Amino acid sequence: MRFQTRQLALFCALAAASVGIQLAPRPPNIEFTSLITFTVGIVFGWYMGALLGGFVMFVNGFLSPWGLAGWNLPFQVVGMSIIGWVGGVYGKTLKKEVSAGLFIEAAVLGSFLTLVYDLITNVGVALLAEKAIVGVLIFGAAFSLLHVASNTVLFGFATVPVVNAIRKSLGR
Amino acid sequence: MSIGKRTFLFVTLALLVWSVLASLIAGYYYYQYNDLFSKTHKPIIHVNLGINYGNGTVQWFNQTKARAGDTFLDVTMLIATVNYTSTPGVGAWINSINNVTNTLTKYWYWWLWTAFGWVEGQVAADRYIVGDDETYYWYYEAYYFEFETGKVKPTPP
């Protein structure tokens, strides 16, 4: 894959913004990394989306204000990479015209991908702590609900405008 | 009227998310209900409470009498002088216990003895309902590092 200078600069700016926001103190499970990863996947393709998501979670695993991710780090990297990958796949199905349906689709994908991410990372916690998977999922249900709800709203409202803004800045 | 494949896919995804989340939340409330029921089935309960001041001094208050439904903060205030700040949505933030005050690097954390060993309290002390014969530990420590790394390993009474 060859980048034009403008594309590379924008990708780096988004990666830096993603890491910065992810490491900033914030309420638990309210985050923007998923949204940025997903939109990067849409605009730059599945490979770059997955790469960005994995990279941000890798850095987050060591520098997060919530503490070290430890051995759960690979699960976080895989979970976020999937979001970027799906963004790329979804991006290929999009047309240029904006419709109300796109906002709803983005919201549904946001909720689904966030749930998948939570399932993966909670399974990681259960395996590492040698605890029952169902028990860990149930214990974290309130956090998952908050995560899914916030990302549903965020994806629903922000995906289309952010994608359009990135495309405009790339002159597409 | 035919529904397109794309619409069908997204409706299915939405229903899938809803059903999984609803099941998890139902399980969560089922667990919480049973936990609360088991802790409040008799009016007077007894708990064990240790306080580690981080300087080698540890006080144990075994078989402390409490009322069913009391929070861990309620029980602590029965045996110690506690200064705390209530934070909306989070609960009580402990400032000091028996005049030992938080510093920039040391805070009061609480732990619960379980079948898996000591487990750090997952909620604020005023959000946790104590159970009969449970054992708790206040520890004035630098984050939770010392406890986790085994530098301090109290055993239950």
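The numbers here are math on the coordinates, done by the rules we state, and not lab data. None of these values were measured; they are calculated from a predicted model. All Cβ positions, glycine included, derive from the backbone under ideal geometry; neighbour counts span all protein chains shown.
For chain A, the membrane-span-like helix rule (DSSP H, alpha carbon extent of at least 24 Å along the helix axis, mean Kyte-Doolittle at least 1.6) picks out A:100-129; this says nothing about an actual membrane. When both segment A:117-131 and segment B:39-111 are represented by their alpha-carbon centers, they are found 30 Å apart.
Note on the protein assembly as shown: Cα-Cα pairs beyond 24 Å make up 62% of the total pair count. Mean per-residue shielding of peptide B:20-28 is 6, counting Cβ atoms of other chains within 10 Å of each Cβ. Of all aspartates and glutamates in the structure, the ones whose alpha carbon falls short of 20 Å from that of A:Lys92, not counting any fewer than 8 places away in one chain, are A:Glu105. Considering only A:Gly41, A:Gly87, A:Gly101, the mean-square fluctuation computed in a Gaussian network model of chain A, springs between alpha carbons under 10 angstrom, is largest for A:Gly101. The convex hull drawn around the Cα atoms of segment B:43-148, when projected onto a plane and averaged over every direction, covers 6.6 nm².
When the Gaussian network model of chain B links Cα atoms closer than 10 Å, the mean-square fluctuations of B:Trp111, B:Trp93, B:Trp18 top out at B:Trp18. Filter the cross-link list A:Lys131/B:Lys65; A:Lys95/B:Lys5; A:Lys131/B:Lys106; B:Lys42/B:Lys65 down to pairs whose alpha-carbon distance in this structure exceeds 21 Å. Beyond 21 Å: A:Lys131/B:Lys65; A:Lys131/B:Lys106.
Counting other Cβ atoms within 10 Å as a rough exposure proxy, the listed residues A:Val43, A:Val162 run A:Val162, A:Val43 from fewest neighbours to most.
With contacts taken as Cα pairs under 8 Å and at least 6 residues apart, chain B reaches a relative contact order of 24 percent.
Ranked by the mean number of other Cβ atoms within 10 Å per residue, highest first, peptides A:49-60, A:26-37 order as A:49-60, A:26-37. Spacing of the modelled spin labels on A:Leu127 and B:His41, each 7 Å from Cα toward Cβ, amounts to 3.7 nm. Ranking of B:Ile129, A:Ile42 by neighbouring Cβ atoms within 10 Å, starting from the fewest: B:Ile129, A:Ile42.
Can you show me the helix-derived [θ] at 222 nm for chain A, built from DSSP H runs with n ≥ 4 at -39,500 (n - 2.57) apiece and divided by the number of residues, rounded to the nearest 500. Present the calculation step by step, with values, prior to reporting the outcome.
On the way: 7 runs with 135 residues, N = 172.
One gets -27000 deg cm²/dmol as the mean residue ellipticity at 222 nm.
When B:Tyr84, B:Tyr31 are sorted by how many other C-beta atoms sit within 10 angstrom of their C-beta, beginning with the fewest, the order is B:Tyr31, B:Tyr84. Annotation: average projected area of chain A is 9.7 square nanometres, based on the convex hull of Cα atoms across all directions.
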